[in-house]
Amino acid sequence: MTKDSAQPIYLADYTPPAFWVDRVELTFRLHPTATRVLSRVAFRPNPDAPGPFTLHGQDLTLIRATIDGNEVTPTLTDDGLTCPAPDAPFVWEAEVEINPEANKALEGLYMSNGMYCTQCEAEGFRKITYYPDRPDVMAPFIVRIESDLPVLLSNGNPAAAGEGWAEWDDPWPKPAYLFALVAGDLHAHRDSFTTASGKPVDLAIWVRDGDQDKCAFGMAALKASMAWDERVYGREYDLDVFNIVAVDDFNAGAMENKGLNVFNSAAVLASPETATDANFERIESIIAHEYFHNWTGNRITCRDWFQLCLKEGLTVYRDQQFTKDVRSEPVKRIDDVLMLRGAQFREDGGPLAHPVRPESFVEINNFYTATVYDKGAEVIGMLHRLVGDATYARALDLYFDRHDGQACTIEDWLKVFEDVSGRDLTQFKLWYSIAGTPHVKVTDTWADGSYTLTFQQSVPDTPGQTDKPPMVIPIAVGLLDTDGTEVVPTRVLELTEARQNFAFDGLATRPVPSILRGFSAPVILEQTVPAEHKRLLLAHDTDPFNRWEAGRALARQALLAMLTDRAAPDPAYLEALQALLADDSLDPAFRALVLRLPSQQDLTQALFDAGQVPDPLAIHDALTAMETAMATHLQADLTASFDAHQVPGPYRPVAADAGKRALANGALALLTRTDAGARAKVQYSDAANMTQQMAALSALQRIGAASDALEHFHSQWQHERLVLDKWFGLQSSLSLPAEAVATVRRLTEHPDFTWENPNRFRAVFGGFSSNLAGFHDPSGDGYALMADWLIRLDRLNPMTTARMTTAFGTWKQYDADRQALMRDALERIALVPVLSRDTKEMVTRILA
Ligand code: PHE
Ligand code: ZN
């Protein structure tokens, strides 16, 4: 495989490395444009897989190389080098030169605001030096950094330091993708943690001057994560120090480098004035995620990149469990399902569908997807549900025991569960290889006191896959009577056949079923539920997820009726909401979720599934009309809710307060539909924290009345780059349809649009692509603008560009005119002569 080649590589072609590495020593002589990297690597031939000695390398200038001290002249190849080597252990030494300042792709060693930083996952280490850059080659690393900068960091424990240099020693064998180096004028927010066995760990969050006041929350989250992983998974931390660095230019959220996590500053920095409740919660979960990788990812890593879900699915599952524990379980479950449906179902139902464990790829960067991460986590959740808590815990213990220090596969993972549970997981394993969201259709019958549920499952065709076998689907079911009393508590049915019956006997009357409780499997449930049953479930289901789901179904049904039959907003839906809103026994955060209407994306999908052509403008208008109806009919209740859930006193980023603010701000957004922004304007000027300020600003923007506030917001926050991202994102995502394209164009001309920064670029264009009625403007101007900028960014940053092409991923759902315009935009990108491999692969798949 070469970096420029568009040839796919295949899981089936995996071969072990021809050489193992016993030890790595690196010296960095840092210079912005001419950094020298000296490597000294102890290799040992792999008797099980003899082959030539080859190393990966990209954009490197080789200065000299030796083997056992003797100068060698390697042959440079498209993706590295090859060189004759002894058939016995030997030491390779090389010196290379690299240019961090010119590196705008943000992979390898690069510069961000004067600091040096690395990103090596997945294949960035080869841009630092020649090395077997594959995750199954693990070695201890010793690193020396030479630079005048005051703070010099790398993986592992600090070993020695002096004027202008520092040495680090990472004793835990690791693959190169977990390597990290940071150097800069940084300030530490310090703390410490004592592990369960009494080992002290020095903790630090390193930031630029001026950001010291935004670290306390991240630090608390880190300590909570460390304690949680000990308590729940029995996993202790294994080094003397744990460092986190905040960097402004970063392609993803954060990176789990051993002992030296690197974070997008947006994923760690927070103060009440600059971050919203949602930001705080996201930061907490990302800190947990990266920390949890220390065991699921670092101590046990992936054999090859096809196994990415081995670490990502499991680590997402673990961070979801953590958030459920420290916040609200039902609210977190609903949030996660919203994400899953919004991103993963969308991906799984279109041209980019792929299995949780892909079997081929051109560019691995394109597979850090919702499917690998979020469906990967759902698959683990199903496994947990099928084997039960005790067996899950024993399986994880065995996994850590058996595979510590290894690079593993999904087969290794499933074998652990088979050994512990005695179950045959052959059919379950299909979840890793079959793409597409299964549809489960359910019907019921009632006869002689026996109630029977009949399930039929099928998985739609996806690119390269047809005629799929039935999967194992855990379906949690409970039954209610028609008064709303639960008559059969939750039971997990295991659907394994294409069609299968489950009978419930001994019931007095025909029950109302509550199916797929807790969203027990990532499937699309098809059932015909009479509206009165939905209302009953919304009012009485003991399962909070299905309670919310019933409200969601009512909302969707009402909105679809408005869209397809020009119906008025369903008064029965509004009444059901009214009762719920006033029910103070319910968590405000839960009520806030029930109040939230399905997204534009959700309705687009619903119409498409119903065989209709979605019209983004009509969808936008229907949502606006429904919100206006809610504001009108529920005015008293919304006002009461708004007033009752104001949180007095200083801001605290705790779940209870955040839930109240979410409910009050949900009410505010609706009330703004009919009060010309009166309340929102007051809240905007009184706001003492970013949650309140942003909620007010968004509410105003949604009715097109935010111009004064936007101007004020910009002047207030022009020096806080993370807040400025919000200013950009809010306008691109919430501008009214008729103004959106012009607004986005204006934003791109703004002096603060520093487009080479991924956060800023994503704020504008990620926001725009979520503004469906704006992006899909019938003129096609939105598509053209997006394409222009993707083409421009691709020259610098392929990884971020490629990800953002997914804005076009649903193009086949639209009318012929829009399809033609989107195809034009995609083809224009595809035809760029020097398009990156990343973007080329994405555009090709989307167009296929
Ligand atoms: N491994 C990181 C995570 O999920 C994500 C990441 C991938 C970051 C690639 C940067 C580049 O925790
Ligand atoms: Zn991860």
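Could you identify the single residue in 43, 125, 53, 90 that is in contact with a helix residue (DSSP H, G or I) (Cβ under 7 Å, 6 or more places away or on another chain) and modelled with pLDDT of 95 or more? Can you show your working first?
On the way: 43 fails: in contact with a helix residue (DSSP H, G or I) (Cβ under 7 Å, 6 or more places away or on another chain); 53 fails: in contact with a helix residue (DSSP H, G or I) (Cβ under 7 Å, 6 or more places away or on another chain); 90 fails: in contact with a helix residue (DSSP H, G or I) (Cβ under 7 Å, 6 or more places away or on another chain).
Of the residues listed, the single one that is in contact with a helix residue (DSSP H, G or I) (Cβ under 7 Å, 6 or more places away or on another chain) and modelled with pLDDT of 95 or more is 125.
Table: residues versus (1) in contact (Cβ under 8 Å) with a residue 40 or more places away in the chain; (2) part of a helix (DSSP H, G or I); (3) away from ligand 2 (no atom under 13 Å from the Cβ).
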site: 271; (1), (2), (3): yes, no, yes
site: 275; (1), (2), (3): yes, no, yes
site: 280; (1), (2), (3): yes, yes, yes
site: 285; (1), (2), (3): no, yes, no
site: 288; (1), (2), (3): yes, yes, no
site: 291; (1), (2), (3): yes, yes, no
site: 294; (1), (2), (3): yes, no, no
site: 306; (1), (2), (3): yes, yes, yes
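The criterion of at least 1 residues that are loosely packed, with under 15 Cβ neighbours inside 10 Å is met, among helices (runs of 4 or more DSSP H) falling completely within segment 694-770, by 707-717, 737-748.
Just one of 521, 498 is surrounded by fewer than 16 Cβ atoms within 10 Å (Cβ to Cβ) and over 30 Å from residue 617 (Cβ atoms); which is it?
On the way: 521 fails: surrounded by fewer than 16 Cβ atoms within 10 Å (Cβ to Cβ).
None of the others qualify; the one that does is 498.
Residue pairs whose Cβ atoms lie under 6 Å apart, sitting 6 or more positions apart in sequence or on different chains, and linking a residue in segment 190-218 that is more than 23 Å from residue 326 (Cβ to Cβ) to a partner that is among the basic types (Lys, Arg) and in a strand (DSSP E or B), do not occur here.
Residues in segment 116-165 that are within 16 Å of ligand 2 (Cβ to nearest atom), within 24 Å of residue 74 (Cα to Cα) and of a type in the set (Gly, Ala, Ser): 124 alone.
Return the only residue of 609, 587 being out of contact with any Pro (no Cβ under 8 Å at 6 or more places or on another chain) and of a type outside the set (A, V, I, L, M, F, W, C). Let's see the steps before the verdict.
Details: 587 fails: out of contact with any Pro (no Cβ under 8 Å at 6 or more places or on another chain).
Of the residues listed, the single one that is out of contact with any Pro (no Cβ under 8 Å at 6 or more places or on another chain) and of a type outside the set (A, V, I, L, M, F, W, C) is 609.
Of all residues in segment 641-690, those satisfying the criterion of being closer than 20 Å to residue 713 by Cβ and hydroxyl-bearing (Ser, Thr, Tyr) are 651, 672, 684, 685. Scanning for something under 24 Å from residue 222 (Cβ atoms) and either modelled with pLDDT of 95 or more or touching a Cys at 6+ places or on another chain (Cβ under 6 Å) (or both), does segment 354-364 turn up at least one residue? Within segment 354-364 (the criterion being under 24 Å from residue 222 (Cβ atoms) and either modelled with pLDDT of 95 or more or touching a Cys at 6+ places or on another chain (Cβ under 6 Å) (or both)), the answer is no, since none of the residues qualifies.
Flag not set for residue 149, criterion: farther than 23 Å from residue 43 by Cα, buried (at least 22 other Cβ atoms within 10 Å of the Cβ) and either more than 16 Å from ligand 1 (Cβ to nearest atom) or at pLDDT 95 or above (or both).
Say whether the condition of being surrounded by 13 or more Cβ atoms within 10 Å (Cβ to Cβ), in a loop (DSSP other than H, G, I, E, B) and without any contact (Cβ under 8 Å) to a residue 60 or more places away in the chain is met by at least one residue in segment 84-91.
First, pick out the residues of segment 84-91 that are surrounded by 13 or more Cβ atoms within 10 Å (Cβ to Cβ): 85, 89-91.
Those still in the list that are in a loop (DSSP other than H, G, I, E, B) too: 85, 89.
Adding the requirement that they be without any contact (Cβ under 8 Å) to a residue 60 or more places away in the chain leaves none.
No - not one qualifying residue is present in segment 84-91.
For segment 268-281, residues that are crowded, with 24+ Cβ neighbours inside 10 Å and closer than 28 Å to residue 107 by Cβ total 4.
What residue, among those in segment 282-317 that are among the charged types (D, E, K, R) and buried (at least 22 other Cβ atoms within 10 Å of the Cβ), is nearest to residue 653 (Cα to Cα)?
Initially, segment 282-317 is screened for residues among the charged types (D, E, K, R), giving 282, 284, 290, 299, 303-304, 311-312.
Of the ones still in play, those that are also buried (at least 22 other Cβ atoms within 10 Å of the Cβ) are 284, 290, 311-312.
Numbers: 284: 10, 290: 21, 311: 29, 312: 27 Å.
Ranking the candidates gives 284 first.
Within segment 585-611, the set of residues being within 22 Å of the chain's Cα centre (by Cα), in a loop (DSSP other than H, G, I, E, B) and of a type in the set (S, T, N, Q) comprises 599 only.
Of all residue pairs spaced 6 or more apart or on separate chains, those with beta-carbon atoms under 7 Å, a first member in segment 601-618 that is farther than 18 Å from residue 770 by Cβ and a second member that is of a type in the set (D, E, K, R) and at pLDDT 95 or above are 613/815.
Just one of 824, 788 is among the acidic types (Asp, Glu), surrounded by fewer than 24 Cβ atoms within 10 Å (Cβ to Cβ), in contact with a helix residue (DSSP H, G or I) (Cβ under 8 Å, 6 or more places away or on another chain) and not in a loop (DSSP other than H, G, I, E, B); which is it?
Values: 788 fails: in contact with a helix residue (DSSP H, G or I) (Cβ under 8 Å, 6 or more places away or on another chain).
The conditions single out 824.
Selection of segment 606-650 for residues being within 20 Å of residue 677 (Cα to Cα) and of a type in the set (Phe, Trp, Tyr) yields only 642.
Got a number for residues in segment 234-255 being within 16 Å of ligand 2 (Cβ to nearest atom), buried (at least 19 other Cβ atoms within 10 Å of the Cβ) and over 18 Å from residue 158 (Cα atoms)? Let's see the steps before the verdict.
From segment 234-255, those within 16 Å of ligand 2 (Cβ to nearest atom) are 235, 244, 250-255; that's our starting set.
If we keep only those that are buried (at least 19 other Cβ atoms within 10 Å of the Cβ) too, we end up with 235, 244, 250-252, 254-255.
With over 18 Å from residue 158 (Cα atoms) added as a condition, the list becomes 235, 250-252, 254-255.
Matching residues across segment 234-255 total 6.
For segment 252-283, the tally of residues that are away from ligand 1 (no atom under 16 Å from the Cβ) and charged (D, E, K, R) stands at 3.
Given the criteria out of contact with any strand residue (DSSP E or B) (no Cβ under 8 Å at 6 or more places or on another chain), of a type in the set (A, V, I, L, M) and buried (at least 18 other Cβ atoms within 10 Å of the Cβ), does residue 617 qualify? The answer is no for residue 617.
The set of residues in segment 85-137 being among the acidic types (Asp, Glu), over 28 Å from the mean Cα position of the chain (by Cα) and within 26 Å of residue 247 (Cα to Cα) consists of 97, 101.
Of all residues in segment 482-529, those that are modelled with pLDDT of 95 or more and on the phi > 0 side of the Ramachandran plot total 4. Within segment 456-467, is there a residue that is over 30 Å from the mean Cα position of the chain (by Cα) and under 30 Å from residue 139 (Cβ atoms)? No, segment 456-467 contains no residue that is over 30 Å from the mean Cα position of the chain (by Cα) and under 30 Å from residue 139 (Cβ atoms).
Residue 320 - would you say it is surrounded by 24 or more Cβ atoms within 10 Å (Cβ to Cβ), part of a helix (DSSP H, G or I), modelled with pLDDT of 95 or more and within 16 Å of ligand 1 (Cβ to nearest atom)?
Details: surrounded by 24 or more Cβ atoms within 10 Å (Cβ to Cβ): no; part of a helix (DSSP H, G or I): yes; modelled with pLDDT of 95 or more: yes; within 16 Å of ligand 1 (Cβ to nearest atom): yes.
In short, no.
Of all residues in segment 371-403, those that are crowded, with 20+ Cβ neighbours inside 10 Å and either within 16 Å of ligand 2 (Cβ to nearest atom) or farther than 29 Å from residue 476 by Cα (or both) total 10. If the condition is being among the small types (Gly, Ala, Ser), farther than 25 Å from residue 645 by Cβ and out of contact with any helix residue (DSSP H, G or I) (no Cβ under 9 Å at 6 or more places or on another chain), then segment 557-597 contributes only 561.
The values are calculated or read from the model by the stated rules, or taken from the named source; none is laboratory data. Predicted model only: the values in this text are computed from it and were never measured. So basically every Cβ, Gly included, is an ideal-geometry build from the backbone, and we count neighbours across all protein chains shown.
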